[in-house]
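Here's the structure, in structure tokens; my notes come after.
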Amino acid sequence: MSSFRSRIRLSALLVIGALLVAFSVLLYSGLSVILHRYLDARLLAFGVNWAEFIEETNEALPGSAHQPSLSEPRGTDSEENRELREVARSLLILSPDGAVVWKGAAAQTRPSLPGDLWMKALRGEIVYDTIKVANAPPVRRISVPVLRNGTVRYILQAETSMRFVQHTLRQLLALLVVIAVLTLALAWVGSRWLADEALVPVETLSATAEQISGSSLKTRVSLNAPYAEFQRLAHAFNAMLERLQHIFEAQRRFIADAAHELKTPLTVIMGSLEVTLKKARSAEEYREVLIGNLGQVERLIALTRSLLTMARFAGDRPPLQFTPLAIEPLVKDLIGELAVLAESRHIVLEVDARPVPRVLGDEGWIRHLLINLLDNALRYTPRGGTVTVCIETAGEGVGLAVKDTGPGIASEHLPHLFERFYRVESARDRESGGVGLGLAIVKEIAEAHGGMVRVESEVGKGSVFTVTLPAARLDPQPGQSALQ
Ligand code: ADP
């Protein structure tokens, strides 16, 4: 697998290399153009000067190749003039048919002007060409037409060596190569630092992630990188660890609590069986033990059922079939089912319903939620008490309140009431058959519906458990199924 570090370094090198090449090409060609223009301008000034001089002298240049009357321009003995004299020595004056009319002292035999350029010169245009010279720098040549009475009488040719241009460009090239090599070497070293800066936090995260197991979820990452992006990454990573730690601890607590809850009835069963088996017993005695154990087995079954329900919510939530539900008939149906139980305990069970919209929910799970709340209310309300289910609108949703005239719950217990296995008085609640999961299941169901549950209670007066469920926005047409 290719390493991201070498990728970063190679990319940095490629980018810098490409920029260097582009910069060098621009600089080299820019300078080349400037130098050529400068050279041409010098030649032009010289050529035009001489052409005007010949025109003005109005001197008929005979066919002589060494006309002496043409003198070099006079002036101060500056560097420029020395160069001009040098050019003047290479001066050549040709007749329109190409014959040499006059020749400077240092004029060399050069290949004649290509046909098209010669024709241009004969038409009165100034033309330039570059001549390659064996074992020497190339030569730049200007051809200036000399006019007499409006017609081209002579073609004046002057040339200068391109040694200076070539030399300057070669030096620039050497300088650019040195700069490029140094820059690339620096970039290679710099890219290592860049790659380290970018990857050290990632490596720290990987190392931490590799060390993390179920037992070391308390580990947190601290990145030294001062950059906001890495701080955010570390933050997100730590927040994820925090969430995982909570989930793991909750699962561990749940398993420990579940095992503890299962152990109690099993210990009771085993103890009673051991004691019973120690000596021979009458049929009546065996019957009593079996009845006692049956109660414990019932408890175990109830506990296992609740544990299974909780486990379904603890992992992926069970698939809920959301449909618009009319709450009042559902509650009345349940009240009808529980009426016999309430009657046997001499408790009044009633409904106080206001008109409310349908709720969006899963009928089976909402039944489960109501049964848990009503079961608690009937279990903890003494004879002669009343349990009322109130249905009313609550904000944008529907509120279902289960009120009882039971013993109430002390305020210190209220914040923990919906926790798993939480019981207000363990001994009394166990005796009443509670497993401490009923309200936790109510909370899970309410939240799975996008709703919530809350409790209000006063010791000696009773308790009110209120579930709020979201209302269904649209009432479907008959025959239309779930909304979402
Ligand atoms: P359990 O199955 O043990 O009843 P729950 O989760 O349903 O467990 O209830 C948790 C605790 O809340 C119970 O142990 C009980 O003490 C208290 N509780 C629940 N409902 C009521 C109520 N209506 N009146 C008084 N106490 C209640």
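Taken together, the values in this text are just the output of simple stated rules run on the coordinates, not laboratory data. As the structure is a computational prediction, the values presented were derived from the model and not from experiment. Virtual Cβ from ideal backbone geometry, glycine too; neighbours counted across all protein chains shown.
Points to keep in mind about this one:
- If only the Cβ of Lys and Arg carry +1 and only the Cβ of Asp and Glu carry -1, the dipole of the chain around its Cα centre is close to 1340 debye.
- Calculated FRET efficiency for the pair I247/Q166, C-beta based, R₀ 56 Å, to 0.05: 0.15
- Between 0 and 90°, nearest 10: helix 79-89 axis offset from the chain longest Cα axis: 60 degrees
- Rounded to whole numbers, the Karplus 3J(HN,Hα) couplings from phi for the stretch 259-276 are 4, 5, 5, 6, 5, 4, x, 5, 5, 4, 4, 5, x, 5, 5, 4, 4, 4 Hz, using 6.51 cos²θ - 1.76 cosθ + 1.60 with θ = phi - 60°, and x at Gly and Pro.
- Percent antiparallel among DSSP beta bridges (both partners in the chain, rounded to 5): 90 percent
- Loop-located trypsin sites (Lys or Arg not before Pro) in the stretch 117-198 (DSSP state not H, G, I, E or B) with no more than 10 neighbouring Cβ atoms inside 10 Å: R123.
- Difference of contour (0.36 nm per residue) and Cα-Cα distance, A209 to A41: 53.3 nm
- Straight-line cross-link reach from K132 at under 22 Å between alpha-carbon atoms covers these lysines, not counting any fewer than eight positions away in the same chain: K103, K120.
- Note, ³J(HN,Hα) from phi for the stretch 239-256, Karplus 6.51, -1.76, 1.60, rounded to Hz, x at Gly and Pro: 5, 5, 4, 4, 5, 4, 4, 4, 4, 4, 5, 5, 5, 5, 4, 4, 5, 4
- Cα convex hull, the stretch 320-470: 103 Å³ per residue, rounded to a whole number.
- In Å, descending, principal axis extents of the Cα set of the stretch 200-319: 81, 35, 15
- Which listed pairs, of K332/K403; K332/K443; K263/K332, have C-alpha distances above 27 Å, in listed order: K263/K332
- Square roots of 5 times each gyration tensor eigenvalue, C-alpha, the stretch 75-211, largest first, Å: 61, 18, 13
- Percent RCO, i.e. relative contact order, over the stretch 320-470, from Cα pairs under 8 Å lying at least 6 residues apart: 24 percent
- The chain: relative contact order as a whole-number percent, Cα under 8 Å and 6+ apart: 10 percent
- Our summary gives the stretch 295-388 a relative contact order of 34 percent, counting only alpha carbon pairs under 8 angstrom and 6 or more residues apart.
- Filtered trypsin sites (Lys or Arg not before Pro), the stretch 220-277: DSSP coil and at most 13 other beta carbons within 10 Å: R220
- Remark: spin-label model distance F23-L277 equals 9.1 nm, labels positioned 7 Å along the Cα→Cβ axis.
- Helix 283-314 axis versus longest C-alpha principal axis of the chain: approximately 20°, rounded to the nearest ten.
- Kirkwood Rh in Å, taken over the chain so that all alpha-carbon pairs contribute: 33.8 Å
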